[in-house]
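Worksheet for the structure shown next.
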Amino acid sequence: MTRTTIIAIAGASASGKSLFSQTIYNELVNELEPGAIAIIEEDAYYKDQSHLPMAHRTQTNYDHPDAFEHALMLEHLTQLRSGNSVEVPSYDYAQHTRSEKTRRVPAAKILIVEGILLLSDKALNKEFDIKVFIDTPLDICLMRRMQRDMEQRGRTLQSVVEQYQATVRPMFYQFIEPSKHNADLVVTRGGMNRVAIDIIKSKIKYLLQE
Ligand code: UZR
Ligand code: MG
C-alpha cells in the first residue's frame, strides 16, 4: 500500500472520540511496524490566542468552526500524504491558548484524526477516506464533560454549565449533529463500543496488507 489512508473520528464534545481513537491507536501501535500508524487531534489546531487577555479568551466560542485553524490542519494532512513529517501544535485548555510545545508527527500509512468539527468542514472532508461519527446521547456527554473539565481542564461546575448552555449545546445542533450525515459509519453509545473498535482495527490491518 502506498497511499495514506486518513480515518476521521467525529462526534459531540465528550462523546468518547478521543477514547475510541486512542484505543485503536494504542492497541495497534506496538503490533505494527514503525511508520504504520499515527494520530492527530483537531483540538491541537485551536487558534493561538496568546495576544488576547484572559478575559477575552474565556469569551471565545470554542464550539464554532472559526475557533480552529483548519487551514493549518489541512496543510499538515497534505504534507503527511506527501511523506513529510509535521510539527503539530499543542493546546493548553487551562490557559485557552496554544502552548510552546509542538509534537513531531512522521508520515504514516494510516492516519487517525479526531475532533468535534472535522466532518463539518468541506475541504477537510475531501481528505478523509473513512469517516466515523460517535453517536453518544447528549446527556451522557454532558455528565462526562462535567467530570473531565473539572478534573483535567481546571474548570468549575458553574463554568461548565454556562459554556454548555452558551455554546456547546447550540453549536452541537448547528454544526456537529448535521455533520453526522457526512459519515460513512455511525458508532452508537461511545468510545467503548468494542465491536466497532475491532471492526476499524481489522480494516486498518487489511489496508496495511494490501
Ligand atoms: P473535546 N474548549 C474549551 O473549553 N476551552 C478552550 O480553550 C478550547 C476548547 C472546549 C470547547 C469544546 N468548548 O466543546 C471542547 N467549549 O473543548 C472540545 N465551550 O474538546 O472534543 O475533547 O470535548
Ligand atoms: Mg477529546
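A straight Cα-to-Cα reach below 22 Å connects LYS180 with the lysines LYS17, LYS122, LYS126, LYS131, LYS201, LYS203, residues fewer than 8 places away in its own chain not being considered.
Seen from all directions on average, the chain presents a Cα convex hull projection of 11.2 nm². Would you check the accessible area of TYR25, probe 1.4 Å, heavy atoms only, in square angstrom rounded to 10? Result for TYR25: roughly 50 Å² accessible. A 1.4 Å probe run over region 89-138, with the rest of the protein chains in place, finds 43 Å² accessible per residue. Placing a label point 7 Å from the Cα of MET146 along the Cα-to-Cβ direction, the residues of region 169-194 whose backbone N falls under 18 Å of that point are 169-170. What whole number of Å gives the distance from the Cα centroid of region 1-65 to the Cα centroid of region 118-164? Value for the Cα centre distance between the two parts: 11 Å. Most fluctuating residue of PRO53, PRO170, PRO89 in a GNM of the chain with Cα springs under 10 Å: which is it? Top of the fluctuation ranking is PRO53. Which percent of the accessible heavy-atom area of region 5-205 goes to carbon and sulfur, probe 1.4 angstrom? In region 5-205, the share of accessible area belonging to carbon and sulfur is 52 percent. About the centre of its Cα atoms, the chain shows a dipole size close to 200 debye [charges on the beta carbon of Lys, Arg (+1) and Asp, Glu (-1) only; nearest 20 debye]. Rounded to the nearest 500, the 222 nm mean residue ellipticity of the chain from helices alone is -10500 deg cm²/dmol, with -39,500 (n - 2.57) taken per DSSP H run of at least 4 residues. Global dimensions of region 85-181 from alpha-carbon coordinates: Rg and Dmax equal 15.7, 43 Å.
When the Gaussian network model of the chain links Cα atoms closer than 10 Å, the mean-square fluctuations of ASP66, ASP135, ASP43 top out at ASP66. Of ALA71, ALA12, ALA44, the residue with the greatest mean-square motion in the GNM of the chain, using alpha carbon springs below 10 Å, is ALA71.
Dipole orientation for region 5-205: of the candidates ALA8, THR58, VAL161, ALA8 has the Cα lying most toward the positive pole (charges on Cβ; Lys, Arg +1; Asp, Glu -1). Along the charge dipole of the chain, pointing to its positive end and built from +1/-1 on Cβ of Lys, Arg, Asp and Glu, which listed residue (CYS141, ALA196, PRO178) has its Cα farthest out? Of the listed residues, the answer is ALA196. When the Debye formula is applied to the Cα atoms of region 153-210, each taken as the same point scatterer, what base-10 log of I(q)/I(0) results at q = 0.14, 0.26 Å⁻¹? Relative scattering, expressed as log10 I(q)/I(0), comes to -0.66, -1.02. Using the beta-carbon distance between VAL161 and SER99 and R0 = 25 Å, what value does 1/(1 + (r/R0)^6) give for FRET efficiency, to the nearest 0.05? It comes to 0.40.
Pull up the DSSP beta bridges for the chain and report the antiparallel fraction as a percent, rounded to 5.
Working: 8 of 27 bridges.
Of the beta bridges lying entirely in the chain, close to 30 percent run antiparallel.
The values are calculated or read from the model by the stated rules, or taken from the named source; none is laboratory data. Predicted model, so just to flag it, every value in this text is computed and none were measured. Virtual Cβ from ideal backbone geometry, glycine too; neighbours counted across all protein chains shown. Remember, those area values only see protein heavy atoms, side chains included, never the ligands or the DNA or RNA. Shrake-Rupley method; radii C 1.70, N 1.55, O 1.52, S 1.80 Å.
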